[in-house]
Amino acid sequence: MTPTAAELDAADPLARHRDRFVGSESPLVYLDGNSLGRPLRVTASRLAAFVDDEWAGRLIRGWDESWFDLPLVLGDRIGRVCLGAAPGQVAVGDSTTVLLYKAMRAAAALQEGTGRTEIVIDRDNFPTDRYVADGVARECGLTLRWIEVDTAAGVTPELLTEAVGERTALVALSHVAYRSAHLADGAELTRIAHDAGALVLWDLSHSVGSVPVALDAWGADLAVGCSYKYLNGGPGSPAFVYVAARLLEGERSAVQPIQGWMGAADPFLMGPTYAPTAGIRRMLSGTPPVVGMLAMQDMLDLIEDVGMDAVRAKSRVLTGFAVERAAELLPEAALASPRDPDRRGGHVTFTHPAMREVTAELWRRDVIPDYRDPGGLRLGLSPLSTSFGEVERGLEVVREVLDGLSG
Ligand SMILES: *Cc1c(COP(=O)(O)O)cnc(C)c1O
């Protein structure tokens, strides 16, 4: 017997954290935490205090006192709490898209003159990742080698092994696939890329704050990820970039193409020409978006408090419950995510030809999942803010809507 949502909520050690989120008291069902996490209640007071105490109170002095270092202080923190990254390798700033561009260009520069001319990327990687790779390839005279993947699955070791070789410069992959939630084997795929002599860039947008990541242990070279999904940083909060320490030193170290003063050797020397500063700060370009870095600090506090392993444990049970209840309630829909919880990230997708229409009607009824082609109803289950009851109610309303369409 499948336990009921009420039983699972009663047994959930993280359930008590749910009412820390603004909106958790309302009957609205929110199943899109992987697109935009809910705000924490403490974030409202952090934002107000920032205006009064730091912005108005410190004015320009704030830069010297903390804002100048915030991109790296926060980067170290994300690295420690969520990414398995030692200090000095993560910086916050820019959008994921811009950081993908910087990281891919840095990889292309590192491989210049090696005869490696291909970027390997999968056909179902997130659109911005594919578009940026395409642009970088054209700028740098490289070509793309596509891995064809099943949209209900993702890149496996077998698929990657077939795609890489002596021409591979860079392998660019998502750790959790945005459509299917397929969870790639980070350690194994990194090893395969390295055995072929390639660099590897991980997009962690759908894993950070949901699935434990171990960049240093994998031996990853580069990574990027979003902060407004499972890190609840708010709309447009800046992304992070990871560059392995070994690529930040020596003659052939990573350099990125947007040579701004904030990543230069001495920004206040205001010298005649650009030279990248030492360390991860060189990934910065211009003035960092300090206001956008506030909210995610509250979510990092909470994740650090409960631990990523507890977050992942709940995520497995929550997505498993969605899979089982959907099989009972929505037998006509197909599971388009891995059934094996070890290969599944924090969201679940179900396909049915009517799902686009269903999603529009769900939004009108205050049940908020999202829709991804082809026919996919995608449920993003943020472990700290989503209850089993919410998943149950959401799936029941999907049932009602499907009945209404055919009736
Ligand atoms: C959400 C997401 C992005 C978003 O990029 P932005 O620049 O923030 O719009 C990029 N890549 C992946 C894999 C994502 O899931």
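Does segment 274-282 include one or more residues that are within 16 Å of the ligand (Cβ to nearest atom) and buried (at least 24 other Cβ atoms within 10 Å of the Cβ)?
Looking through segment 274-282, none of the residues is within 16 Å of the ligand (Cβ to nearest atom) and buried (at least 24 other Cβ atoms within 10 Å of the Cβ).
For the condition assigned to a helix (DSSP H, G or I), away from the ligand (no atom under 14 Å from the Cβ) and under 23 Å from Ala278 (Cβ atoms), what is the one hit in Ala106, Ala86?
None of the others qualify; the one that does is Ala106.
Taking the residues in segment 124-170 that are assigned to a loop (DSSP other than H, G, I, E, B) and over 19 Å from Pro374 (Cα atoms) as candidates, determine which candidate is farthest from the ligand (Cβ to nearest atom).
Per the stated criteria, the residue is Glu166.
Out of curiosity, is Ser205 surrounded by 24 or more Cβ atoms within 10 Å (Cβ to Cβ), within 13 Å of the ligand (Cβ to nearest atom) and under 24 Å from Val323 (Cα atoms)?
When the stated conditions are applied, Ser205 passes them.
Thr2 - would you say it is assigned to a helix (DSSP H, G or I) and polar (S, T, N, Q)?
no
Just to be sure I understand, how many residues within segment 216-246 are among the aliphatic types (A, V, I, L, M) and within 9 Å of the ligand (Cβ to nearest atom)?
2
Does Val98 satisfy the criteria of being within 14 Å of the ligand (Cβ to nearest atom), crowded, with 22+ Cβ neighbours inside 10 Å and among the aliphatic types (A, V, I, L, M)?
No, not satisfied.
Could you grab the pairs with beta carbons closer than 6 Å, sequence gap of 6+ or different chains, first residue in segment 82-103 and under 19 Å from Gln259 (Cβ atoms), second one polar (S, T, N, Q) and not in a helix (DSSP H, G or I)?
Listed pairs, sorted by first residue: Lys102/Gln256.
Taking the condition among the hydroxyl-bearing types (Ser, Thr, Tyr) and in contact with a Pro (Cβ under 7 Å, 6 or more places away or on another chain), does Ser205 pass?
Spelling it out, it is not the case that Ser205 is among the hydroxyl-bearing types (Ser, Thr, Tyr) and in contact with a Pro (Cβ under 7 Å, 6 or more places away or on another chain).
Which one of these does Pro13 not meet: (1) assigned to a loop (DSSP other than H, G, I, E, B); (2) surrounded by 19 or more Cβ atoms within 10 Å (Cβ to Cβ)?
The single condition Pro13 does not satisfy is (2).
Mind listing just one residue for me: the one in segment 33-48 that is within 16 Å of the ligand (Cβ to nearest atom) and surrounded by fewer than 22 Cβ atoms within 10 Å (Cβ to Cβ) and, of those, nearest to Met296 (Cα to Cα)?
Leu36
Condition (residue is open to solvent by 20 Å² or more (accessible area, probe 1.4 Å) and either of a type in the set (S, T, N, Q) or modelled with pLDDT under 95 (or both)) applied to segment 319-330: is it met by at least one residue?
No: segment 319-330 contains no residue that is open to solvent by 20 Å² or more (accessible area, probe 1.4 Å) and either of a type in the set (S, T, N, Q) or modelled with pLDDT under 95 (or both).
List the pairs whose first member sits in segment 260-277 and is of a type in the set (S, T, N, Q), whose second member is part of a loop (DSSP other than H, G, I, E, B) and open to solvent by 20 Å² or more (accessible area, probe 1.4 Å), and whose Cβ atoms are under 7 Å apart, counting only residues at least 6 apart or on separate chains?
Pairs found: Thr277/Ala265.
Exactly one of these conditions fails for Ser382: (1) surrounded by 20 or more Cβ atoms within 10 Å (Cβ to Cβ); (2) closer than 18 Å to Met355 by Cβ. Give me its number.
(2)
Which numbered condition trips up Phe350, out of (1) surrounded by fewer than 19 Cβ atoms within 10 Å (Cβ to Cβ); (2) out of contact with any Ser or Thr (no Cβ under 6 Å at 6 or more places or on another chain)?
For Phe350, the exception is condition (1).
The values are calculated or read from the model by the stated rules, or taken from the named source; none is laboratory data. Please read all numbers here as calculations on a predicted model, not as lab measurements. Cβ atoms come from the backbone with ideal geometry, glycine included; neighbour counts cover every protein chain shown. Just so you know, the surface numbers come from the protein's heavy atoms only, side chains and all, with ligands and any DNA or RNA stripped out. Shrake-Rupley method; radii C 1.70, N 1.55, O 1.52, S 1.80 Å.
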